[in-house]
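One structure is given here, and the rest of the page talks about it.
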Amino acid sequence: MTPEQARHAIEESLVQVAPDADLGSLGPDADLRDSLELDSLDFLNFIEALSERAGRRIEEDDYPHLATMASAIKFLADR
Amino acid sequence: MPALGADMDEGTVLEWLVKPGAPVCKGDIIAVIDTAKSAIEVESFHTGTVERLIVEPGETVPVGTVLALIAEPAAETAAAAPAEQPPAPPPPPKAPARVPSARNRPSRQPGTAEPHPAGASSPLVRHLAHDLGVDLTVVPGTGRAGTVTRADVERAAAARQPKAMRPRAPQRKASPQAARQRISPRARRVAAQLGVSMSDVTGTGPGGAVREADVRKAAATPQATPRQPPGAAEREPVVAATPAAKRARTMRQAIAQLMARSKREIPHYYLSNTVDMTAAMSWLHQRNRELAVSERLVPAALLLKAAAVAARQVPDLNGYWEGDHFVPAAAVHLGVPISLRGGGLLTPAIHDASDLPPGELMARLRDLVTRARAGRLRRAELTEATITVTNLGDQGVEAVFGVIYPPQVALVGIGKLTEKPVASHGLIGARPVVVTTLSADHRSSDGYTGARYLAALSDLLQRPEEL
């Protein structure tokens, strides 16, 4: 995945979980869960959607990598 | 109009999902009702045939009002046309069963009324109706006990339009044969946000279903047609749910009323306990590694399961305070407050939560959250909780001491899962812990009972594989 593809996949997954989310105002290092007020179920839905889009399984141990937009892009683009 | 929660005084029929003449089974969803808090799907309390829809979509009526008449299955519906009546009890003595109020009796099984034999019109009247081509099921009866008389039939025949219009069909009412307007939940939500009335929307989806795009188009049309063109009259009017801004206000008021009542009437006592989550978390972690992402459990689901099982072990906290005494509930229906995007909260129940495997409970929870936010909860889900568990851990608070939902007698609070230094077997280590709390009604239980509950909850979480 290129960083651009990764960003796209992340944004689409976030919109799916939180349709009213304002991704434009989201800084690269802002905490996704806090900024978008995702609870644990929302976050799991996000992970599920993202796993599907990225075409690979995301483990619970990987969650820390998905804390912010910047770290998530790096995580997905690295592999 | 059933009471969809202890705080509800009136409701608005948004949509009927059945037509007169349709067979319904007990439990079938037959209507969507709008309350101060949300649009809610309401089921039939009886099995039988829909005889008449009394309250029109858009009408707001008090709790207890008769919404529709359903003829018992054995009844000869052709002979059972009920009397024209104001939308308030009492129903005609021999009328089909009416939809009862479930106000303040969340645990009671509705629909236990004795079967009513249908009011019988005489064979002569039936014969006449047949000759004149009058459908007796829609003729208002003026005879004894609402039976249809010869005069009623003749009047109905005379009033008939050339196109066999139903005698009492109002202008915008659909003929029973017409398909009801189908609307996607998303379209309904968008309509509510935009303040679009469904009767102004033309559906372009499969079978004329209304889609989001249709709603947006209708919203963009400067002057939505106030009267429908003749061709559109076959659609049943469907009313949009309360617009978002008004909804936020009415929901706040509903919450205010219920919580004020709780604090006014219930002498709360509070307990708390810090639970070591090491065993639970490693079990969860192991399990989640082996299963598909979609089957993954969040800690909240395991905590809910444990809370439900503990409620069965300490039944004095699971049930209702009714008047001056506690009535234990037979099953554990776990109320789960769900915060809505845009403000406010709903507290639907997970039925029989103590008997569900954690995976199933998790699936139910996800389903409830989705439907709560889409405004598609069902009546039973909003009225039958026997104990509530609130989880504010995701919001980062350490502990939550909640306000009990009357007429329930206990509310369990779950805080944030954090790593803390914990002394165990003489050693200090970093362990995941969660603060569990209990708010309970001191009228129905004492601190001793509450303490047993929190201890049971903690014990259960040490043996997660048994949950």
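Kindly indicate the residue of region B:349-364 that is outside any helix (DSSP H, G or I) and not β-branched (Val, Ile, Thr) and also surrounded by the fewest Cβ atoms within 10 Å (Cβ to Cβ) among those meeting that condition.
The extreme case among them is B:PRO357.
State which residue is surrounded by the most Cβ atoms within 10 Å (Cβ to Cβ) when the search covers only region B:304-329 and only residues that are in contact with a helix residue (DSSP H, G or I) (Cβ under 6 Å, 6 or more places away or on another chain) and in a loop (DSSP other than H, G, I, E, B).
For region B:304-329, the residue satisfying everything is B:ASN318.
Out of A:GLU59, A:GLU4, A:GLU12, which single residue is surrounded by fewer than 18 Cβ atoms within 10 Å (Cβ to Cβ), over 21 Å from B:GLY343 (Cβ atoms) and within 12 Å of chain B (Cβ to nearest Cβ)?
Being surrounded by fewer than 18 Cβ atoms within 10 Å (Cβ to Cβ), over 21 Å from B:GLY343 (Cβ atoms) and within 12 Å of chain B (Cβ to nearest Cβ) holds for just one of A:GLU59, A:GLU4, A:GLU12, which is A:GLU59.
Taking region B:279-296, which residues are buried (at least 17 other Cβ atoms within 10 Å of the Cβ) and more than 9 Å from chain A (Cβ to nearest Cβ)?
Correct list: B:ALA280, B:MET281, B:TRP283, B:ARG287.
Select from region A:46-56 the residues that are assigned to a helix (DSSP H, G or I) and either over 17 Å from A:ARG7 (Cα atoms) or more than 8 Å from every other protein chain (Cβ to nearest Cβ) (or both) and list them in ascending order.
Answer for region A:46-56, where residues must be assigned to a helix (DSSP H, G or I) and either over 17 Å from A:ARG7 (Cα atoms) or more than 8 Å from every other protein chain (Cβ to nearest Cβ) (or both): A:PHE46, A:ALA49, A:LEU50, A:GLU52, A:ARG53, A:ALA54.
I'd like to know if region B:346-360 contains one or more residues that are under 20 Å from B:ILE266 (Cβ atoms) and touching a residue at least 24 places away in the same chain (Cβ under 8 Å).
Yes, because at least one residue in region B:346-360 is under 20 Å from B:ILE266 (Cβ atoms) and touching a residue at least 24 places away in the same chain (Cβ under 8 Å).
Go through the residues of region A:22-40 one by one and say whether even a single one is touching a residue at least 40 places away in the same chain (Cβ under 8 Å) and within 11 Å of another protein chain (Cβ to nearest Cβ). Let's see the steps before the verdict.
In the first step, residues of region A:22-40 are kept if they are touching a residue at least 40 places away in the same chain (Cβ under 8 Å); the result is A:26-29, A:32.
Narrowing further to those that are within 11 Å of another protein chain (Cβ to nearest Cβ): none.
No; the residues of region A:22-40 include none that is touching a residue at least 40 places away in the same chain (Cβ under 8 Å) and within 11 Å of another protein chain (Cβ to nearest Cβ).
Name the one entry in A:PRO28, A:PRO64 that is in a loop (DSSP other than H, G, I, E, B) and not basic (Lys, Arg).
Testing whether each residue is in a loop (DSSP other than H, G, I, E, B) and not basic (Lys, Arg) leaves just A:PRO28.
Regarding B:LYS420, is this residue surrounded by fewer than 20 Cβ atoms within 10 Å (Cβ to Cβ), out of contact with any helix residue (DSSP H, G or I) (no Cβ under 7 Å at 6 or more places or on another chain) and more than 23 Å from B:VAL314 (Cα to Cα)? It would help to see each step written out before you state the result.
On the way: surrounded by fewer than 20 Cβ atoms within 10 Å (Cβ to Cβ): yes; out of contact with any helix residue (DSSP H, G or I) (no Cβ under 7 Å at 6 or more places or on another chain): yes; more than 23 Å from B:VAL314 (Cα to Cα): yes.
In short, yes.
Where a number appears in this text, it was derived from the coordinates with a stated rule and is not lab data. Since the model is a prediction, treat every value here as computed from it, not as a measurement. FYI the Cβ positions are ideal-geometry reconstructions off the backbone, even for glycines, and counts take in every protein chain you see.
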